[in-house]
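We did not get these values from a lab; they are worked out from the coordinates using the rules stated. On a predicted model such as this, the values are computed, not experimentally measured, just so you know. Methodologically, a virtual Cβ is constructed for each residue, glycine included, from the backbone with ideal geometry; neighbour enumeration extends over all protein chains shown.
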Amino acid sequence: MVRYVLLISILSFQIVAAQKTYKTESRKAISLYEEGLAYYRIKEYAGAEEKLKFAIRMDDKFQDAYLVLAEVYWEQGKYENAIEQYNKGLLIDPSYYPRGYLNKGKLEVKIARYTEAKNSYLRYLELDTNESKYTERAKRGLEQTVFAIHAMNNPVDFEPVTLGPNINTAEDEYWPSLSADEKTLIITRLVHVYDIVKEGKVQEDFFISEYGPEGWEPMKDAGFPLNTDDNEGAQSISANGQLMVYTVCNRKGVIGRCDIYYSTREGMEWTFPKNMGEPVNSVAKETQPSLSADGRIIYFASNRPGGKGGLDIWMSSRDSDDKWQPPVNLGDSINTPGDEMSPFIHHDNSSLYFSSNYHIGMGDFDLFVSRLDSNGNWSKPKNLGYPINTNRDEIGLIVNARGNTAYYASDIHSATGKDIYRFDLYEGARPAEVSYMKGRVFDEKTRERLKARFELFDLKNGKLINQSYSDPVTGEFLLCIPTNKNYMLNVEHRGYLFHSENFALEGIYHLEKPFMKDVPLKPILLGEKSVLKNVFFATDSYSLKPESKYELDKIIHFLKFNSEIIIEISGHTDNTGTREYNLTLSEKRAKSVVDYLVNHGISEDRLHYKGYGFDQPVDGNETEEGRANNRRTEFKIVKTNQ
């Protein structure tokens, strides 16, 4: 943690002591002062305080004694006493030790006396010491106090609510992590150990709660293999709750001081944790990871070489072979000469929340948010404001998928230590809302649960937005879907026809309910067919819209992977217009699809096409929704040697 180190001022007094020149002529006061200074150097604070007070009694204008006594109180966390001594000492001769105003300003910030701190920094600047390094510190301190005063005069909406006794205990609870459906909550708890060997000691373990009809169920110890006799903490789970990454320090198998480990959930069991290894981990410290919605990008704090200061925020992504790539520093917009830590990447993949003790804020560590633009650049971080941020340390905040509720740990009520709280996140600090699709994948014939691959694409540019797998035991899946764009979803498993869905969400920023849908996959058998929900034509036209190419490319991939299959592409319409018109239109649309496939390397011998007009409806034509379902393109297996 960065702060204005007292060593410089201590050395100043040591030099003065060595020169035997003091702001007093009292030999008795000097003797007591030197005794007090000796006690202070070995951190015998009671002795130092006693001797320094006696020295002041001998000469109440003895400035050196006041200033060192202020530092004695500072070291003990007695900030108000320290400020009192600085005030007395600096009043005697402000020019004797101008840096004392910097120390006093820092202390005043610590106890939220921002106006007094502002005056302390201004006083230092008025003294014009020509010490550039300290002048810059004074200017930063002044900027901080101006911000803090404005923030307190313009508070943001903030009403934290405890998660209650099923989550919080007399022990410290912190580092909440939440699945996208808000049904699984994992926290780190500091627990007391009562065995013979570790009697009276504490360690960090994971605890898990599920959200039931009555709210959060009582926390359960995550147990082995996640929890061990050592510390585990600072965890993050993927949106579907199936992958967890967390921090392990100072144990066998760790590459550096702290490494990032991972475990996956299969059914109700967590796999044995593994070190993520290089290049994510290094001989330095890697800690406090945060996973993207699909678990393919990880953000974390590290003091590895190549950073901007102390702890920086870094990012690593998985390539197409699922290998983690060398981490990239998030750059000057995020990282500073101070410490940046506790990153949380929201499920929108563009809102990053983190803590910093260098970006301008209310005290030491404040919470900030930065946005990723379309060019891949992070915006200037925004302080989340007062009273979310205070003169205390605020570290570790997460936001639910909908973007309206934040969770964090705080010791607002000191009697119970750190507890988990939630609060409504005010509009200006919210990320983009993210919905999700949830259900199960299974074989349509046998009902066997399947581990299928999910891919969500932006239909505008074909960019892969999200990908994940269903649980290999239960077939359950959860896939995050950001609002305000149109998407293509592809679900595939070897030996089955792929399944497609379309989410037309452009212009929609809020969804009342998520998408709940089971996905039965059809085995590759003669006569099986599937609707191509992302093949689009202009009204009354057989010209393919550009966004159709992404689904058509999936058909090409499927046919190349299953080389013995022959398919029929069929076109279907609603009942608007004559039968003859719809037969012709539907056939031309089917042919347009076949032409695309042929032009991209699929043999004509493997492709048939036919238009059925409105002869094979799958829904009623009385509503627009029904007519839309009837307007469709399908592909069907007409021959297979598999």
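Using alpha carbons only, how many degrees (0 to 90, rounded to 10) separate the axis of helix 79-92 from the longest principal axis of the chain?
The answer is roughly 50 degrees.
Relative to the longest principal Cα axis of the chain, at what angle does helix 99-110 sit, 0 to 90 degrees, rounded to 10?
For 99-110 against the chain, the angle is about 50 degrees.
List the aspartates and glutamates whose alpha-carbon lies under 13 Å from that of K460, not counting same-chain residues fewer than 8 positions away?
Within the straight-line limit of under 13 Å, K460 reaches these aspartates and glutamates: E506, E547, E551.
Counting DSSP beta bridges with both partners in region 433-521, what percentage is antiparallel, nearest 5? Please report the intermediate quantities before stating the final value.
Values: 25 of 30 bridges.
Of the beta bridges lying entirely in region 433-521, close to 85 percent run antiparallel.
On a full-extension model of 0.36 nm per residue, what is the gain between K133 and D93, subtracting their alpha-carbon distance, rounded to one decimal in nm?
12.2 nm
Tell me the mean residue ellipticity at 222 nm calculated for the chain from its helices only (DSSP H runs of n ≥ 4, each -39500 (n - 2.57), averaged over every residue, nearest 500).
Computed ellipticity for the chain at 222 nm equals -8000 deg cm²/dmol.
Which of rounded, prolate, oblate describes region 161-429, given a ≥ b ≥ c as roots of the alpha-carbon gyration tensor eigenvalues and a/c under 1.5 marking rounded, otherwise prolate only if a/b is larger than b/c?
Working: a/c = 1.35, a/b = 1.13, b/c = 1.20.
Rounded, since a/c falls under 1.5.
T539 versus V328, label points 7 Å from Cα toward the beta carbon: distance in nm?
Distance between the two pseudo-spin positions: 4.2 nm.
Based on DSSP, what percent of beta bridges with both residues in the chain are antiparallel, to the nearest 5? Don't skip to the answer; put the middle values down first.
Values: 107 of 118 bridges.
Of those bridges, close to 90 percent are antiparallel.
For L511 and D424, calculate 0.36 nm times their separation in residues minus their Cα-Cα distance, and state this gained length in nm to one decimal.
Between L511 and D424, full extension yields an extra 29.6 nm.
Please list, or write none, the aspartates and glutamates whose alpha carbon is within less than 16 Å of the alpha carbon of K285, excluding same-chain residues fewer than 8 places away.
Straight-distance partners of K285: E232, D259, D312, D339, E340.
Too long at a 30 Å Cα-Cα cut-off: which of K274/K560; K23/K43; K451/K529; K88/K139; K438/K522? All intermediate terms of the calculation are to be shown ahead of the outcome.
Details: K274/K560 36 Å; K23/K43 24 Å; K451/K529 21 Å; K88/K139 24 Å; K438/K522 19 Å.
Where the Cα-Cα span goes over 30 Å, the pairs concerned are K274/K560.
Mind running the shape call on region 524-642? Use the C-alpha gyration tensor, a ≥ b ≥ c as the square roots of the eigenvalues: rounded below 1.5 for a/c, prolate if a/b tops b/c, oblate otherwise.
In terms of gyration-tensor shape, prolate.
Please give the Cα centre distance for region 161-189 versus region 412-450, rounded to the nearest Å.
12
For a Förster distance of 25 Å, can you work out the FRET efficiency between the beta-carbons of K560 and D518, rounded to the nearest 0.05?
With a Förster radius of 25 Å, E is 0.30.
First select every other residue whose beta carbon is under 15 angstrom from the beta carbon of E116; then total the charges, Lys and Arg +1, Asp and Glu -1.
Combined, the nearby Lys, Arg, Asp and Glu give +4.
Among bridges DSSP assigns within region 524-642, what percent are antiparallel (round to 5)?
Among the beta bridges of region 524-642, antiparallel pairing accounts for roughly 70 percent.
Please report the Cα spread of the chain along all three principal axes, rounded to whole Å, starting with the longest.
Sorted largest first, the three principal extents are 114, 58, 44 Å.
Roughly speaking, what is the centre-to-centre gap between region 456-515 and region 77-123 when only Cα atoms are used, to the nearest Å?
57
So for the chain, taking the charge dipole from beta-carbon charges (+1 Lys/Arg, -1 Asp/Glu), which of L425, S316, T539 sits furthest toward the positive end?
Highest projection toward the positive end goes to S316.
Going by amide H atoms built from the backbone, whose H comes under 5 Å of the H on I111, apart from near neighbours?
none
Quick one: putting +1 on the C-beta of Lys and Arg, -1 on the C-beta of Asp and Glu, what dipole do you get for region 7-153 around its Cα centre, in Debye to the nearest 20?
Magnitude of the dipole: close to 140 debye.
For the chain, list the cysteines whose Cβ sits under 4.7 Å from no other cysteine Cβ?
Unpaired cysteines in the chain: C480.
What is the distance, in nm, between label points placed 7 Å from the Cα along the Cα-to-Cβ direction at N166 and at V598?
With each label placed 7 Å out from Cα toward Cβ, I get 6.2 nm.
Leaving out same-chain residues fewer than 8 places away, which aspartates and glutamates sit with a Cα under 16 Å from that of K323?
In chain and number order, the partners are E278, D294.
Give the shape of region 54-164 as rounded, prolate or oblate, defined through the alpha-carbon gyration tensor: a ≥ b ≥ c are the square roots of its eigenvalues, a/c under 1.5 means rounded, and otherwise the shape is prolate if a/b is larger than b/c and oblate if not. Could you put the intermediate results ahead of the total?
Working: a/c = 2.93, a/b = 1.51, b/c = 1.94.
Judged from the Cα gyration tensor, region 54-164 comes out oblate (a/c at least 1.5, b/c at or above a/b).
V473 to S26: extension gain in nm, 0.36 nm per residue of separation minus the Cα-Cα distance?
Length difference between fully extended and current span is 152.6 nm.
Using Cα centres only, tell me the gap between region 262-281 and region 547-593 in whole Å.
Using only Cα atoms, the two centres lie 43 Å from each other.
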